[in-house]
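A.B. asks: One structure, pasted below without further comment.
The values are calculated or read from the model by the stated rules, or taken from the named source; none is laboratory data. A quick note: this is a predicted structure, and the numbers were derived from the prediction, not measured. Quick reminder, even Gly has a Cβ in these numbers, built from the backbone with ideal geometry, and neighbours come from all protein chains shown. These area figures cover heavy atoms from the full protein model, side chains too; ligands, DNA and RNA do not enter into them. Shrake-Rupley method; radii C 1.70, N 1.55, O 1.52, S 1.80 Å.
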Amino acid sequence: MTVGSLLYYATVTAHLLAALLWLGGMFFLAIVGAPVLRSVEPAALRQRLFHEVGLRFRALGWTALGVLLVTGVLNLQFRGWLHWGVLSDPAFWRTPTGLALGWKLAAVAMMLVVSVMHDFFVGPKAGRAAPGFAEGLRLRRRAAVLARLNALLGLVVVVAAVRLARGG
């Protein structure tokens, strides 16, 4: 095994582990964490717990995203797709591999936008809003919709990644 192939396997492994942390954490929060927290009373304690869990996961999630972005670019380089002309060739994007890569990159870009909106705008506002009032409820619902949208986009990324790994 060459040093290049060892580095490639290391970046793919780091990429997969970061994806597991990010997507797995989102699904855990959606399927287990949020339903359990919704049953906590009083409402002020529930809101505080949601806020604290969100802050802790946000730090891990953005670290995982950083790893995903760096290893993703490195993986493109190792696959030879960052060489001059490959990604700029319209014919590449019409191949099964190009289509899978396009879907994955588009879903990742949308996930980044949704994550920024959720983690730095809507989520913090929802965490500061007084429980039991219409504005707080509206913000918490919006944060939940953004989180669900991100999970759905995460599924698109996984399907595209599997197709990409299997040749499109």
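A.B. asks: Could you list, in sequence order, all residues of region 60-82 that are open to solvent by less than 60 Å² (accessible area, probe 1.4 Å) and either assigned to a helix (DSSP H, G or I) or in contact (Cβ under 8 Å) with a residue 40 or more places away in the chain (or both)? Talk me through it step by step, then tell me what you get.
C.D. replies: Start the filter on region 60-82 by keeping residues that are open to solvent by less than 60 Å² (accessible area, probe 1.4 Å), which leaves 61, 64-68, 71-72, 75-76, 80-81.
The answer is G61, A64, L65, G66, V67, L68, T71, G72, N75, L76.
A.B. asks: Kindly provide the set of residues from region 91-104 that are open to solvent by 80 Å² or more (accessible area, probe 1.4 Å) and not aromatic (F, W, Y), ordered by number.
C.D. replies: R94, L99
A.B. asks: Is there any pair linking a residue in region 12-39 that is free of Cβ contacts under 8 Å to residues at least 40 places away in the same chain to one that is basic (K, R), with Cβ under 8 Å and at least six apart or on different chains, and which?
C.D. replies: Short answer, once both residue conditions are applied: L37/R46; R38/R46.
A.B. asks: Filter region 129-155 down to residues that are among the small types (G, A, S) and not in a helix (DSSP H, G or I) and give me whichever is modelled with the lowest pLDDT. Give the steps one after another, and end with the answer.
C.D. replies: Initially, region 129-155 is screened for residues among the small types (G, A, S), giving 129-130, 132, 134, 136, 143-144, 147, 151, 154.
So of that shortlist, the ones also not in a helix (DSSP H, G or I) come out as 129-130, 132.
Values: A129: 89, A130: 86, G132: 79.
For region 129-155, the residue satisfying everything is G132.
A.B. asks: Being touching a helix residue (DSSP H, G or I) at 6+ places or on another chain (Cβ under 8 Å) and open to solvent by 60 Å² or more (accessible area, probe 1.4 Å) is the filter here, so list the residues in region 24-38 that pass it. Step through it out loud before you land on a result.
C.D. replies: Here is the first cut: in region 24-38, the residues touching a helix residue (DSSP H, G or I) at 6+ places or on another chain (Cβ under 8 Å) are 25-27, 29-30, 33-34, 37-38.
Across region 24-38, the qualifying residues are F27, R38.
A.B. asks: Kindly indicate which of G54, G24, G61 is under 13 Å from the mean Cα position of the chain (by Cα) and closer than 30 Å to G132 by Cβ.
C.D. replies: Values: G54 fails: under 13 Å from the mean Cα position of the chain (by Cα); G24 fails: closer than 30 Å to G132 by Cβ.
Being under 13 Å from the mean Cα position of the chain (by Cα) and closer than 30 Å to G132 by Cβ holds for just one of G54, G24, G61, which is G61.
A.B. asks: Then there is this: Every residue in region 113-142 that is among the small types (G, A, S) and either within 17 Å of A30 (Cα to Cα) or crowded, with 18+ Cβ neighbours inside 10 Å (or both), please.
C.D. replies: The initial filter retains those residues of region 113-142 that are among the small types (G, A, S), namely 115, 123, 126-127, 129-130, 132, 134, 136.
Those that are among the small types (G, A, S) and either within 17 Å of A30 (Cα to Cα) or crowded, with 18+ Cβ neighbours inside 10 Å (or both): S115, G123, A126, G127, G136.
A.B. asks: Quick one: in region 92-125, which of the residues that are under 13 Å from H51 (Cα atoms) and in contact (Cβ under 8 Å) with a residue 40 or more places away in the chain is nearest to the chain's Cα centre (by Cα)?
C.D. replies: Only one residue tops the list, namely D119.
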